[in-house]
Each structure stands twice: as structure tokens, then as C-alpha cells.
Amino acid sequence: RMGKLYQIINLPRSIPLFLCYSKLPCVEDIRQDLIRRGYSGSLWNLHQAFVGDKLYRNIFYCRSHKYAPILTKILKLFYRPQAQFGMEAEQVGGGMLVYHGYATIVFAKSIGKNLSVYQQVTVGRGKMIDGNDVPIIGDNVSIYAGAIVVGGIKIGNNAVIGAGAVVTKDVPENATVVGAPVRILEKLPH
């Protein structure tokens, strides 16, 4: 009960959130993020996520900054982002979920749908490949604790990056990779 009361008391703080949300063309992606967190995807759920989930705020801000930069800056005054989780991508598919995002950085060219990221993951700059120095991540990818994914590489759909893996080359679709240097543990059939 106290949780719901706290959320109701904080509702006026979400006015900039609702304004920002109404300006975004990626509303469906935001709904998918909420659904992966166990919410139904309503405006009330968006408010609940902002009150209680700083990691979710960072994902929202990554999406909103492109379309409503001024509203996003204002919103950050009311709801601070998680300082230990950095994120930047030109395009982010819906359903992104970050578990324990402390000491986690996700800088990618693009991110597909349903990315799962665990703690202490680094996705970021590295070797330039075809004019790109950050990864392109496909749909339904999981990146487990402590993994490092760097450079202008491509991570295929349904790939799993094992804990502690160091990935500096392309990962094919449906593959599980582990180790440093990385090796393919298994590749599942389509």
C-alpha cells in the first residue's frame, strides 16, 4: 500500500514524462520495454517504471533524446538517470531489458528487439570495420555478465554472448559464444 501511495504522490513529477512520451514516434518500442519488465504497458505503468527503475529511465532517455531533446533534459531534472549505466545507439528495438546494470555501458550503432544485458557488460568502440567502430546487435540477443563486445562487428539474431566473453569479431545468428578469445560453443539450427 505504501508503494502505491508513494507512486500517487509522485504523479505530478511525471507531467514532463507524459509530455515527452506524447511526442515520441517509438511508443510501441517503449511499451515492449515495459512488457518485458512485467508491466502491461499503460501510462500508469510508465509512471511506475520511472518512479522505481532508474535503469529503465536510461533506456527511455536513449530513445527520447533523438526526438525530444529539450523535454528529455527537463525530464532528467525530475527523474535522474542511473549514473552507473551508460547507453547510446542510433536505433533501439523494443523490449530491451537490463538486469543489474551497474558498471554497464552499451554504445552500439543499432540494437534489435529484445536485447538482454547483464551487469558489468561493455558494448562499445573498438576496431573500425566498414566505417563503423561500434557493434550492430541483432534481435533476441543476450549478453551475460562481464562480457565485452567491441568494434564495428555484427552480432546476429538470437546470439548468446557468455559471461566474461571478449567479442571482437562477428557472431553468426543462433550462436552461443564464450571465452577470451571468443569461440563458438554451439550454433542452433534455425
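The values are calculated or read from the model by the stated rules, or taken from the named source; none is laboratory data. This structure is a prediction, so every number in the text was calculated from the model and none was measured. Cβ placement follows ideal geometry from the backbone for every residue including glycine, while neighbour counts extend to all protein chains displayed. Keep in mind that these areas ignore ligands, DNA and RNA; they rest on the heavy atoms of the full protein, side chains included. Shrake-Rupley method; radii C 1.70, N 1.55, O 1.52, S 1.80 Å.
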>> From Cα pairs below 8 angstrom and at least 6 apart in sequence, can you work out the relative contact order of the chain, rounded to a whole percent?
In response: 12 percent
> Rounded to the nearest 0.05, what FRET efficiency do Ser116 and Glu28 have when you use their Cβ-Cβ distance and R0 = 22 Å?
Replying inline: 0.70
> Percent of alpha carbon pairs in the chain separated by more than 27 Å?
Replying inline: 29 percent
> Gain in length, Ile15 to Lys73, computed as 0.36 nm per residue apart minus the alpha-carbon separation, to one decimal in nm?
Replying inline: 19.5 nm
>> Of the candidates Val177, Val27, Val92, which one comes out as most mobile in a Gaussian network treatment of the chain with C-alpha springs shorter than 10 Å?
In response: Val27
> Of the heavy-atom accessible surface of the range 80-190 (probe 1.4 angstrom), what whole percent is carbon and sulfur?
Replying inline: 53 percent
>> For the chain, what does the accessible surface come to per residue with a 1.4 Å probe? Please give it in Å².
In response: 51 Å²
> Between Ile8 and Glu90, what FRET efficiency comes out of the Förster formula 1/(1 + (r/R0)^6) with R0 = 45 Å and r the beta carbon distance, rounded to 0.05?
Replying inline: 0.75
> Using Cα-only point scatterers and the Debye equation, what is log10 of I(q)/I(0) for the range 36-118 at each q in 0.12, 0.20, 0.21, 0.22 Å⁻¹, rounded to two decimals?
Replying inline: -0.32, -0.97, -1.08, -1.19
> Relative to the first principal axis of the alpha-carbon coordinates of the chain, what is the inclination of helix 43-52, with its axis defined by its Cα atoms, in degrees from 0 to 90 and to the nearest 10?
Replying inline: 70 degrees
> Cα gyration tensor of the range 110-190, axes a ≥ b ≥ c as square roots of the eigenvalues: rounded (a/c below 1.5), prolate (a/b > b/c) or oblate?
Replying inline: rounded
> According to a simple spin-label model (label point 7 Å from Cα along Cα-to-Cβ), what is the distance in nm between Tyr102 and Leu185?
Replying inline: 2.5 nm
>> Using only Cα atoms and rounding to the nearest 10 degrees, what angle (0 to 90) does helix 54-67 make with the longest principal axis of the chain?
In response: 90 degrees
